[in-house]
Every structure is written in structure tokens, then in C-alpha cells.
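Report on the following structure.
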Amino acid sequence: MTTKIEAPTEESPYLVWKEGDLWIAKDHETGVADQGETPDKALKNLEKGLKLRAEALEQDDAIPVSDAPWLK
């Protein structure tokens, strides 16, 4: 059973709902999602996931673009 409790708003851009025994939190803009035993835990886990995503994007920007002709 799925229970929707909160739709994204300008103040909170996250969707939070319950699936079975777990709460799911999803960032509408990035599509990043995480889960937890409570809505608060799901949101805290989502925050960690969003930080990891931001770090990964920063690292991707630091990788030089190859000039190999077969990759163009």
C-alpha cells in the first residue's frame, strides 16, 4: 500500500510517501530518492544522497575532455 503525504512545493521540493514499512523521499528536480523508517529519516537520507550527487557532479567537471578522434 502506498500513502502519499506531501507533494512538492516551493518551500519543500520533495515528494514523501509510504510504501509498505518504509517512507520514500524523492527530490522532484533531480530525481534522487531515498528511504527511511520515518519521514524524517527518509528526508535525512535524501539530503545525504543529494550531497553525494553534487560531489559526483563536481568531480565530473574536473575530468578533462578527451581529444581522441574516435570519441568525437
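Of all residues in the range 26-41, which are closer than 21 Å to residue 54 by Cβ, assigned to a loop (DSSP other than H, G, I, E, B) and either modelled with pLDDT of 95 or more or more than 9 Å from the chain's Cα centre (by Cα) (or both)?
Initially, the range 26-41 is screened for residues closer than 21 Å to residue 54 by Cβ, giving 26-36, 41.
Still in the list and also assigned to a loop (DSSP other than H, G, I, E, B): 28-32.
Listed by number, the list holds a single entry, 32.
Quick check on my filter: what residues within the range 25-72 are touching a helix residue (DSSP H, G or I) at 6+ places or on another chain (Cβ under 9 Å) and surrounded by 11 or more Cβ atoms within 10 Å (Cβ to Cβ)? Steps first, answer last, please.
Of the residues in the range 25-72, the ones touching a helix residue (DSSP H, G or I) at 6+ places or on another chain (Cβ under 9 Å) are 25-27, 30, 32-36, 65.
Those that are touching a helix residue (DSSP H, G or I) at 6+ places or on another chain (Cβ under 9 Å) and surrounded by 11 or more Cβ atoms within 10 Å (Cβ to Cβ): 25, 26, 27, 30, 32, 33, 34, 35, 36.
The values are calculated or read from the model by the stated rules, or taken from the named source; none is laboratory data. Every value quoted in this text rests on a predicted model; they were computed, and no experiment measured them. Don't worry about glycine lacking a Cβ; one is built from the backbone with ideal geometry, like all the others, and counts go over all protein chains shown.
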